[in-house]
Structures are given as C-alpha cells and as structure tokens.
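Participant: Dropping the structure in here first, questions after.
Please treat every number below as a calculation from the coordinates, not as lab data. Please read all numbers here as calculations on a predicted model, not as lab measurements. Note that each Cβ is placed from the backbone with ideal geometry, even for glycine, and that neighbours are counted across all protein chains shown.
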C-alpha cells in the first residue's frame, strides 16, 4: 500500500508544478481564434435551440390539452334518441343492433418522429474528433505543421452539447400524415420549422455503444373523454425497458398496469344495447395493460441531468371494465351498471407525447420525472370512447450496462 | 500577474475583446497545458483539449465568480474538458494486456531520480482509460466513487484501472532505470547501484515565459 502511495506521490509532486512549462505557440492561439469566430456566427440559434425545443413541447402538451378541453363544448348537444321499449333488468349484453353514433369516429393516424440533424458530416481520420467548435478546423498533424480540414470533418457540437447543455445543430422534427386536430397540426408544423432542413442527414458512421435500462414507474394521471375539465384521477404502475439505439435516440417499451376511471356523457358511450331510459352520463372504471412503444430524443445532457422529448404509440389490452350508468332521476328503471372482462385489444391506438427529465444518482441508478399526454387515435373499451390521459410519471431507472470497461481496439 | 491586472483582462474578455483573450490565453497557457498534457497522449492532443477548455472559458466567463481564484476555476475546466475528451474517445481507448506487468516487484521508488518530463512521458504512455483514472485519483485526489460518477464507470473499474496504471508506471520506471543506469534495483544482487543522472531537458524553459509579446 505504501509503495503505491509512494508511486502516487512521485507523480503528484513531479507533475503538479511543471518546471518546464509548455511554451506558447502562436498557431494554438490561431486555432482557438477560429473556434471563437465560428462560435459567434452560430451561437444565436444554437444556444436557443434547447429552450425553443422545450417551449415547443410544452406548447404542444398545453394545446393538446386545450384542444380537448374546448371540444367538450361541442359535445353538449341535446339528447335526441328515441328510446325503445323498456327492457327491465337487462344488463346490456343482448341489445339490439342500433349503435349510437353521435360522436363520429375520427380515425386519425398521427405519426411523429424525430430527425436528428448531425452537426457536420463525417469524422476525421484521426483518432479523436474532439474539437467541437473549430470553424475552419486548423489543427496540427503529427509533424507539428498546421493542416486544415473542413469544419464538416469534426463532431463539432456533440461534446459541447454533452458538457454545456447546448443542443447540437438539430431540432425536433415531427412529421404528420393525418392529423385530426387542427391546432395540433399547426403546432407540429411549427416544431418542424425548428429543424434545419439542410442538415437533415443522419451521421453516417458513428460507433455507438447501446445503453440498456430498466425503469419502474408510477404515475397518477387524469383521464377523461372529450376534455380534461371533468377528468378523474387514475393510477399507473409499470415496468419499462429502454435501449439507447443511437447517440440521442432511445427506444422504450414495457407494460404498465393502468386503472383509468373516467366520466363520459352518454352521447359518447357506444353500445348495441338500447337503453329504456337514456342515462345522463356514465362513470367508468377501466383496468388495462398499457404497452407503449416510444422513441425519445435527448435534447439536453449535462452532468447528471438529461432532458428528452418522446413520442410513440401505446396499445391498450383491457383487463376489466366497469360502467355505472347515472340517470337524471334517481329512481329510473334501467341498467345501473355493466361489467366486462378481458374484452378488447387496441393495438397502437393511443399516441404518446412526453417530456422527460432524468437525474442520474450514480452510474447505475437514476430518477425520472415525466409529464405526458396520451391522445386517442381510436376508440377504446367496450364503450368505444376516445379516452385521453395526462399525468406525471415518476420513475426509478436502473442502467443495465454502465461503461464498465473501455472497448477493445 | 497581479490580481488587478487579471480582473482587467477578465473584464476585457467578457466584452469579447480578442486582445484581452489572447493575453489571458498566453498567461495561463503553460498552466493549462500542464493539466491537459497529463490527460492527453501527446502535446497536439493536449492542445486540442486545452483550446476546447479556453473556448469554454471565453464563452462562459460570465459564470465565473470573481471572488474565487481564477486559476482554480480554469484548472477545473481543463480537467473537465479532459474528461469529456476521454468520454468522447472512449471507443478508441483500449486496455493492454498486463500479464507481463503482474510480477513486478516493488523496489524502492523514492530513490528514483525522475524529472517532470520523464514522469509526464510515462503517464502519457499509459492507455487513456488508465491514465485518466490515475490522474484523477493520484494527482487530483478524487475517490473511486467520485471518479466512477465522473467517468460513468463502476468504482470497481476505477480501482482496477488505477491498479493497472500503477503496475505499468512501475514497469516503466524500472525499465527506464535499468536502461539508464545499467543496474536494476530489483535484481537482488548486492551491488552499489549507479544512480543515473538525468539530463534536465531545458528546452523551452527560458522561452516565452513572458506573457507579453
């Protein structure tokens, strides 16, 4: 042990105070000057991108919520069904063929993806491609002569972004195919505008070590049909697996057990059964397995803090559904509740939008805080409602592979 | 450089005055290079890392608390960019087979006459992963847990890399010693060792010590 300490001491004392300090070289300053000159041109947009991205995502979440909130007003239509003859004691399973279609189906497919725009083309042939900001990229070769290479041959902003929280020359790019909500499409269009189209190619060759992680999440959320003004609080518990597939992209999937209670007006409740007396509203409690498939884009990574935005699709596998029918008059004769078990699988019927803040506690464990919005693309449940949720998922993440050893050459 | 002069320079740098930036760069060139050289494999690499550090200094100078010593702040930045460089080049790093180094006996290291350049050359010859951990532990004084968090590795890996770094350094010291003096301290022979007199490399000592042009 003492020998080791001696060795450390020799190096510490010998290296701490260089007797023979490296002499200043004018070309080193010239290289730095070029970096500084390059930074001035770019700093305007580069430094604002993470903030703009965050604001855009928050706007997206807010407008999504607002859009649904305002939509409830549209659904306040007077009841207009003609009630059939009373069938007392009927539980609703053997109803007639009439289906109520007041709320037209809006099968919208909204696919969103992120396009990474690499800062600058290919890497140089040198082992290191560190200099993030050398504009014209002057650098010495091994003989000490000044050589130049294009700025495109450097990984210019990656290191900077990792250490300074500066987003690379990239933006969030969301492509819409069909969007049923006008506001959403406008907003997503704005988000597209952040992405510089010129640099939309992916980095051609990046050696990257995939990172895998398992997370346990718990999430209180607000569930509703039509708008969040009358939302009910549900709970979610789940286990997620994520894989960092590219430097900034992470795929995640898993299983979340969700208890989603909600209220819906009877117009939005679909059933083949003809009610003797039309209920005013329906209180539902759905238990389901939510299987999300999301992709996250990392926009900020500094010290132990990470911020990412994600989107993806969820599949709902129904476990149990309970519907309680409420009538205008307490003693109305008619079905009071209805239970459904294991009925319904809705693959990729829900659009997920989320923003995640993750803090790494140590190399293995991290905690996360994720506000999210789940928007319906299809009607779900026995009642075929357009069920939306918003909430905050709190997670504990366990990294499966920390960088235990440097990779062999 | 006096405190007052330094603060004037910093003020100038805050206004993005190139002349002030250059003067600050020159003033702390040797100090910064001293840190980066320890983490880098050679001078050119160290220069790249150092310039990256100065780039951060000049672009984030507003976050510097003037009541604290500038040199310490600068040193921390240089260390951090060196670590970032290590992370960025992790895929290029490699571990060396240490089988040959395992059986090194512990001779008396204290008696070795090693100057700055010898020590620096030895540290630079270490594989990057070993070198980084050795610097952080032995020279900067961080614990294995802190190093693990900084480098995103396990504390066990940090310990292992430190051990391997020490083994390799010992190997280099004894090799240098035997080649210079012709007698090994570890030979077990009862002979008077010839102490090698290392010629101090004075190149550069008197060059450009002044910061002014």
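Participant: Could you calculate the contour length gain from residue A:237 to residue A:304, that is, 0.36 nm times the residue separation minus the distance between their Cα atoms, to one decimal place in nm?
Facilitator: 21.6 nm
Participant: Residues of B:14-22, mean number of Cβ from any other protein chain within 10 Å of their own Cβ, rounded to a whole number?
Facilitator: Mean number of neighbouring Cβ atoms from other chains: 2.
Participant: Moving on to the next point. Just want the ordering: A:55, B:133, A:319, from fewest to most Cβ atoms lying within 10 Å of their own Cβ.
Facilitator: Values: A:55 11, B:133 28, A:319 17.
Neighbour counts put them in this order, fewest first: A:55, A:319, B:133.
Participant: Would you please give the FRET efficiency between residue A:212 and residue A:25, computed as 1/(1 + (r/R0)^6) with r the Cβ-Cβ distance and R0 = 51 Å, to the nearest 0.05?
Facilitator: With R0 = 51 Å, the Cβ-Cβ based efficiency is 0.70.
Participant: How do B:70, A:11 line up, fewest other C-beta atoms within 10 Å first?
Facilitator: With the fewest neighbours first, B:70, A:11 line up as B:70, A:11.
Participant: Multiply the residue gap between residue B:175 and residue B:115 by 0.36 nm, knock off their C-alpha separation, and tell me the result in nm, one decimal place.
Facilitator: Stretched fully, the residue B:175-residue B:115 segment lengthens by 20.1 nm.
Participant: To check my understanding: the extent here is largest minus smallest coordinate of the Cα atoms along each principal axis. What are those three numbers for region B:3-88, in Å, largest first?
Facilitator: The principal-axis extents, from largest down, are 35, 22, 19 Å.
Participant: Further question on the same structure: Run the paramagnetic zone check for residue A:343: 7 angstrom along Cα to Cβ, then residues of region A:291-332 with backbone nitrogen under 15 Å.
Facilitator: A:318-325
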